[in-house]
Amino acid sequence: MPKDPTSDQQDHRIYRGLTLSAESRPTPEEQQQHLSRMPPPPPWRTFGLSVEQWREKAESQNTQDIVRKINPRALGFVPTKQAVELVNAALCLRRPLLIEGNPGSGKTSLAYAVAAELGLPGPYRWSIVSRTTLKDGLYAYDAIGRLQEVSLLRQQVGNTERIKE
């Protein structure tokens, strides 16, 4: 009998979209197992916590502390299949996921459910006000500053070869 292709795909997901209750949380070992499925970050996303640092953080937490820290909004949340796929894509690419929607649609619950299932610290909170623009949340690249930095590095190294960027 042929294997169900969806079962193989589900086995490789980092975030599975479990409906969590206080009694059915994944163990720290299961959380670490799922975090270990993360591929290495793309070369342009190699900053922040490494998977090993995430694992160390998860291992250092006391189970009782974790249970106490679970935000009630994470418990009982049922994500859509599309939400699970998007979260996994964001995790693999080490990209933030900007979630928008109507009040009460589950944006905050999704963020807390991902953190609770994977044993990660809570979500990054970005307070939005009427004057907030998308540019406020994006990474700013300073081309002039980067050129000056490369020039200084070349002077320090004493080499005019192309410096890896």
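Structure data summary
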{"read-out": "Positions within segment 148-165 being modelled with pLDDT of 65 or more and either small (Gly, Ala, Ser) or closer than 30 Å to LEU98 by Cβ (or both), in sequence order", "value": "GLU149, SER151, GLY158"}
{"read-out": "Near pairs, Cβ below 6 angstrom, 6+ apart or cross-chain, from segment 75-90 (within 16 Å of ARG25 (Cα to Cα)) to any residue that is part of a loop (DSSP other than H, G, I, E, B)", "value": "LEU75/SER21; VAL78/THR19; PRO79/GLY17"}
{"read-out": "Segment 109-147 - residue that is aromatic (Phe, Trp, Tyr) and either more than 24 Å from ARG94 (Cβ to Cβ) or in contact with a Gly (Cβ under 7 Å, 6 or more places away or on another chain) (or both) and, of those, modelled with the lowest pLDDT", "value": "TRP126"}
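The values are calculated or read from the model by the stated rules, or taken from the named source; none is laboratory data. Owing to the predicted nature of the structure, the values given are computational and were not obtained by experimental measurement. As a convention, Cβ positions derive from the backbone with ideal geometry for all residues, glycine included, and neighbour counts pool all protein chains shown.
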